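Single-structure report; data block below.
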Amino acid sequence: MVTAFVWGNVELGYEEKVVEELQRRPEISEARLVMGVYDFVARVQARDLPELKKYISGSEGYQGIRQLKGIRSTFTDIIIESIIKEPAR
């Protein structure tokens, strides 16, 4: 399993539409609007790197995140290790 965080910027007025579309996709376990350098962040899960590439960049017959209407740019962080800590109190 490969997990990545995709950060993105969208055209003005498309923020909620893009996040709603991302939340409908089964490969995306979480999608949030954020404030700062980016407009949204999405957690994408795939079986392997080729499948992750398809989900982000698209392929024949599949519209990837980068191809969604309103997307201006994306930045992807691929997770190499998960470290679980105790929740803060």
- Applying the selection to the stretch 52-76, what residues are in a strand (DSSP E or B) and either surrounded by 16 or more Cβ atoms within 10 Å (Cβ to Cβ) or more than 11 Å from the chain's Cα centre (by Cα) (or both)? Ser59, Tyr62, Ile71, Arg72, Ser73, Thr74, Thr76
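Here's the yes/no breakdown for (1) out of contact with any His (no Cβ under 7 Å at 6 or more places or on another chain); (2) surrounded by 15 or more Cβ atoms within 10 Å (Cβ to Cβ); (3) of a type in the set (Asp, Glu):
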site	(1), (2), (3)
Leu22	yes, yes, no
Val37	yes, no, no
Asp48	yes, no, yes
Glu86	yes, no, yes
- Item | Residue selected from the stretch 15-34 under the condition without any contact (Cβ under 8 Å) to a residue 24 or more places away in the chain and in a helix (DSSP H, G or I), by the criterion farthest from Ala4 (Cα to Cα) | Glu16
- Query: In the stretch 52-88, what count of residues is obtained for those that are closer than 23 Å to Glu11 by Cα and β-branched (Val, Ile, Thr)?
  - Reply: 5
- Query: Looking only at the stretch 35-51, which residues are more than 24 Å from Glu15 (Cβ to Cβ) and assigned to a loop (DSSP other than H, G, I, E, B)?
  - Reply: Arg47, Asp48
- Query: Restricting the stretch 66-89 to residues that are of a type in the set (Gly, Ala, Ser) and at pLDDT 85 or above, which is nearest to Thr3 (Cα to Cα)?
  - Reply: Ser73
- Item | Looking only at the stretch 50-85, and only at residues there that are touching a residue at least 12 places away in the same chain (Cβ under 8 Å) and aliphatic (A, V, I, L, M), the one that is nearest to Gln23 (Cα to Cα) | Ile65
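The values are calculated or read from the model by the stated rules, or taken from the named source; none is laboratory data. These numbers were taken from a predicted model, which means no experiment stands behind them. Glycine gets a Cβ as well: all are built from the backbone with ideal geometry, and neighbour counts include every protein chain shown.
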